[in-house]
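Read through the structure below, which is laid out as structure tokens, and then see the notes.
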């Protein structure tokens with residue numbers, strides 16, 4: 001199994017906003033073990049997406065140390081895949097064309113056609129390989145985006161509210177599929193979500209961030225066997241605790 | 001993880017079948033109008049002097065016969081042309097009546113259908129030569145201008161440094177009609193032909209550059225993010241992300257450029273190269289040979305319309321993904 005360990009120490013990130021500097025993340029510590037599934041919850045603007053962009057290497061942190069498997073993170077890399085809430089499929093490419101982006105970008109499409117087919121099979125889109133993104137439903141489009149991310153066999157999968165835009169039923173089904181993929185592929189996963197139940201259903205640990213600037217309020221392990229019933233007493237208590245931390249319940 | 005819902009929309013196919021079952025009324029009616037036009041041309045005596053009256057009647061009759069013969073087996077597209085066949089038939093009847101038959105629109109300013117045909121036929125060698133020259137100038141000038149424009153636009157949209165230097169140049173040279181540079185161009189270029197090519201290319205370059213730049217600059221950052229996390233380098237980001245994402249805008253620029261090319265082409269031929277359809281139109285007008293002028297204008301319509309139609313086809317093919325496709 002291919003999997004990565006992530007370690008962030010005192011991660012601080014600021015944006016220039018006009019003449020001001022806006023602190024989005026303030027001294028965030030985070031350690032994710034290989035193969036672990038960590039969920040990050042927090043109010044809007046707590047820097048959750050920024051954290052993922054830093055982990056993906058798309059932005060450089062203003063301060064702090066960020067390592068993957070002990071090596072400092074230098075920039076985007078095919079071993080770390082990112083999935084957004086908006087599937088961001090390239091509308092001018094078919095589903096297969098979108099999944100082929102990774103192999104094509106690294107110039108190894110010919111030898112990796114089987115991987116493309118396997119990724120499409122994995123998310124159940126083999127029959128829709130020649131469809132254009134505008135023809136897909138929201139759930140299918142998000143599956144295609146997952147296949148595109150998984151074709152590179154990433155060691156670290158970064159999920160930025162990937163199910164946030166889906167309807168409740170599709171969302172439940174996709175949560176299950178996501179778990180299956182994680183169990184089958186064994187990658188390390190960091191999931192940003194607004195949905196506390198989703199975090200409890202999927203993750204080994206839930207990281208609760210404060211409102212801006214984002215600080216770690218709590219790092220809570222979820223000790224329950226999967227598949228989980230979020231109505232179970234232990235998870236119910238945990239949910240109340242998280243919601244209290246987020247200031248939703250008193 | 002099987003996708004369960006898989007309804008392919010059969011509705012458009014059914015609707016097409018229904019349309020095919022209907023008799024092609026409009027096309028048949030069009031054939032009737034053209035038959036009337038042919039009979040009018042052949043049987044009513046001319047009040048204006050006109051040659052080739054029998055040939056004109058024959059051609060109008062041929063339109064009617066072809067339409068009627070093909071109507072039952074016509075494809076969807078030709079079937080849809082039915083009302084237009086009838087409308088052009090009406091136009092032909094009106095034109096024939098107003099000129100040759102009733103002499104309401106008088107020569108030399110107006111000409112009858114047979115007059116136009118005669119002009120086309122009698123001066124075919126020079127007209128064909130002019131058409132060829134215009135086509136050549138259009139193809140060379142447009143290709144150069146479009147290619148340069150797309151490349152400039154990509155560079156400007158991609159690199160802030162290129163944009164910094166190129167933008168003021170673009171905005172000072174571009175908006176000036178290419179024709180205004182004519183005296184300078186004739187002075188600087190070794191031959192008037194190369195000058196004409198440059199003028200057409202310049203006219204195409206400006207709108208293509210502006211729209212391409214806008215398209216590339218507007219590409220969503222998310223596309224670049226996704227491509228980068230999938231291992232894309234900057235070459236990939238430019239040619240496989242920015243350019244395809246900007247293509248709809250690039251085509252808008254190419255269409256505007258084509259319009260500018262037609263305009264500039266005529267001016268360049270008039271004042272510079274002294275051949276081609278633009279020159280022919282001016283030359284025939286000079287000695288009041290209006291039927292010939294109309295003949296050249298007709299060929300101009302064919303040239304410009306053909307070029308437009310070709311570009312539309314290319315766009316529809318390239319931007320297939322934009323079409324409203326069947327959705328699941």
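Every number here is computed from the coordinates shown, using simple stated rules; none is lab data. From a predicted model like this one, the values you see are computed outputs, not experimental measurements. Here the Cβ is made from the backbone with ideal geometry for all residues, glycine too, and neighbour counts use every protein chain on show.
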Averaged across A:102-108, how many Cβ atoms of other chains sit within 10 Å of each residue's Cβ atom? 5
Over chain A, what is the mean sequence separation of C-alpha contacts under 8 Å (at least six apart), divided by residue count, expressed as relative contact order in percent? 28 percent
Computed D for region A:21-87, Stokes-Einstein, Kirkwood radius over alpha-carbon pairs, 10 °C, 1.306 mPa s, to the nearest µm² per second, is 120 µm²/s
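Which of B:44, A:95, B:210 comes first, and how do the rest follow, when ranked by fewest Cβ neighbours within 10 Å?
Details: B:44 14, A:95 28, B:210 24.
Starting with the residue having the fewest Cβ neighbours, the order is B:44, B:210, A:95.
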How far is helix B:290-318 tilted, in degrees, relative to the longest principal axis of the Cα atoms in chain B, given as a value from 0 to 90 rounded to the nearest 10? 40 degrees
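Residue B:234 to residue B:70: FRET efficiency via 1/(1 + (r/R0)^6), r the Cβ-Cβ distance, R0 45 Å, to the nearest 0.05? The partial results should precede the final answer.
Numbers: r = 55 Å, r/R0 = 1.22.
Taking R0 as 45 Å, the efficiency between residue B:234 and residue B:70 is 0.25.
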Taking the Cα centre of each part, how many Å lie between region B:39-65 and region B:253-301? 29 Å
Could I have the simple spin-label model distance between residue A:249 and residue B:318, label points 7 Å from Cα toward Cβ, reported in nm to one decimal? 5.8 nm
Just the number: Rg to Rh for region A:89-153, Cα atoms, Kirkwood Rh, two decimals. 0.93
Listing A:101, B:281, B:140, B:173 by rising number of other beta-carbon atoms within 10 angstrom, fewest first, gives B:173, B:140, B:281, A:101
Angle, helix A:168-185 long axis vs. longest principal axis of chain A, Cα atoms, 0 to 90°, nearest 10? 80 degrees
When chain B is treated as a Gaussian network with springs between alpha carbons less than 10 Å apart, the largest mean-square fluctuation among B:128, B:104, B:211 is found at B:104
Mind checking the mean number of beta-carbon atoms from other chains within 10 Å of the Cβ atoms in B:229-242? 6
Computed over chain A: longest principal axis from alpha-carbon atoms vs helix A:138-150 long axis, angle to nearest 10 degrees, is 90 degrees
Evaluated at q = 0.18, 0.21, 0.22 Å⁻¹: base-10 log I(q)/I(0), Debye formula over Cα of region B:22-115: -0.74, -0.90, -0.96
Residue B:194 versus residue B:309, label points 7 Å from Cα toward the beta carbon: distance in nm? 3.6 nm
Taking just the C-alpha trace of region B:80-210, give me its Rg and Dmax in Å. 22.6, 68
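Summing -39500 (n - 2.57) over the DSSP H runs of n ≥ 4 in chain B and dividing by its residue number, what mean residue ellipticity at 222 nm do you reach, to the nearest 500 deg cm²/dmol?
Numbers: 14 runs with 234 residues, N = 328.
My calculation for chain B gives -24000 deg cm²/dmol from helical runs alone.
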Can you give the FRET efficiency to the nearest 0.05 for residue B:301 and residue A:226, using r as the Cβ-Cβ distance and R₀ = 41 Å? 0.05
How would B:256, B:171, B:156 line up from fewest to most surrounding beta-carbon atoms within 10 angstrom? B:171, B:256, B:156
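How high is the relative contact order of chain B, given as a whole-number percent (alpha carbon pairs under 8 Å, six or more residues apart)?
Numbers: 401 pairs, mean separation 63.6, N = 328.
Once divided by the residue count of chain B, the mean separation gives 19 percent.
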Give the Kirkwood hydrodynamic radius (Å, one decimal) of the protein assembly as shown, defined as one over the mean of 1/r across all pairs of different Cα atoms. 29.3 Å
Paired Rg and Dmax values of chain B, which use every Cα atom, in angstrom: 25.9, 80
Chain A, Gaussian network, Cα under 10 Å: of A:218, A:199, A:71, the residue fluctuating most is A:71
Antiparallel bridges, percent of DSSP beta bridges restricted to the protein assembly as shown (to nearest 5): 50 percent
Need the C-alpha centroid separation for region A:73-111 versus region A:149-166, integer Å. 11 Å
Under 10 Å, Cα contacts only: if you run a Gaussian network model on chain A, which one of A:135, A:85, A:175 comes out with the highest mean-square fluctuation? A:135
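Using only the Cα atoms, work out Rg/Rh for region A:130-185, with Rh taken as the Kirkwood radius, to two decimals. Intermediate results must be reported in sequence, preceding the final value.
Details: Rg = 11.5 Å, Rh = 12.0 Å.
Taking Rg over the Kirkwood Rh, I get 0.96.
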Work out the FRET efficiency for residue B:282 and residue B:129 from their Cβ-Cβ distance, taking R0 = 25 Å, and round it to the nearest 0.05. 0.95
Tell me, rounded to the nearest percent, the portion of alpha carbon pairs in chain A spaced more than 24 Å apart. 47 percent
